[in-house]
Amino acid sequence: SKMSDERYERGLKHFKEITGEVGEKFIQNLEEISKDFSRYLIEFPYGDIYNRPGLDFRTRELVTLSSLAALGYAEPELKAHIKVALSTGVTREEVLEVFIQTSVYAGFPAAINALLAAKEVFNELDQKKE
């Protein structure tokens with residue numbers, strides 16, 4: 001439908017702005033297994049939710065990091081969103097602070113998993129710079 005196509009196009013534009021190269025690879029990988037699910041992912045979170053007024057992308061990414069960290073089992077998504085958060089201007093110190101704060105509500109195991117994921121992402125990014 002026309003409305004669905006508009007949501008998809010708006011979502012894809014946002015998704016690419018926010019995630020860059022990391023997101024493109026992720027979506028291609030997801031499309032190989034389910035084009036429908038890939039489309040839902042673009043339309044709803046990025047076409048609808050990320051386009052709502054009230055929070056900028058940077059703030060939305062801080063909230064996303066906290067939510068993914070609290071789940072405790074979403075490491076691939078968490079790592080991807082750490083990179084995305086950094087690209088929106090979130091600092092490494094802020095990423096770590098979000099995960100430390102998460103320990104109060106989601107427990108130490110979830111915070112430890114998130115901190116270790118951040119360490120891996122930071123190391124990967126530092127190796128690319130060399």
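The values are calculated or read from the model by the stated rules, or taken from the named source; none is laboratory data. Note that this is a predicted model, so its numbers are computed, not measured. So basically every Cβ, Gly included, is an ideal-geometry build from the backbone, and we count neighbours across all protein chains shown. With ligands, DNA and RNA removed, areas are computed over all heavy atoms of the protein, side chains included. Shrake-Rupley method; radii C 1.70, N 1.55, O 1.52, S 1.80 Å.
Considering PHE15, PHE44, PHE26, the condition of being in contact (Cβ under 8 Å) with a residue 12 or more places away in the chain and open to solvent by 100 Å² or more (accessible area, probe 1.4 Å) is satisfied by PHE44 alone. The residue list ALA70, ALA111 contains one member that is touching a Phe, Trp or Tyr at 6+ places or on another chain (Cβ under 6 Å) and farther than 18 Å from VAL22 by Cβ, which is ALA111.
I'd like to check something: does segment 56-70 contain any residue that is at pLDDT below 95 and among the small types (Gly, Ala, Ser)? No; the residues of segment 56-70 include none that is at pLDDT below 95 and among the small types (Gly, Ala, Ser). Determine, yes or no, whether ASN51 is over 30 Å from ARG7 (Cα atoms) and either touching a residue at least 24 places away in the same chain (Cβ under 8 Å) or of a type outside the set (D, E, K, R) (or both). No: the conditions fail for ASN51.
Scanning segment 104-123 for residues being in a helix (DSSP H, G or I), open to solvent by 20 Å² or more (accessible area, probe 1.4 Å) and farther than 14 Å from PRO76 by Cα gives a total of 8.
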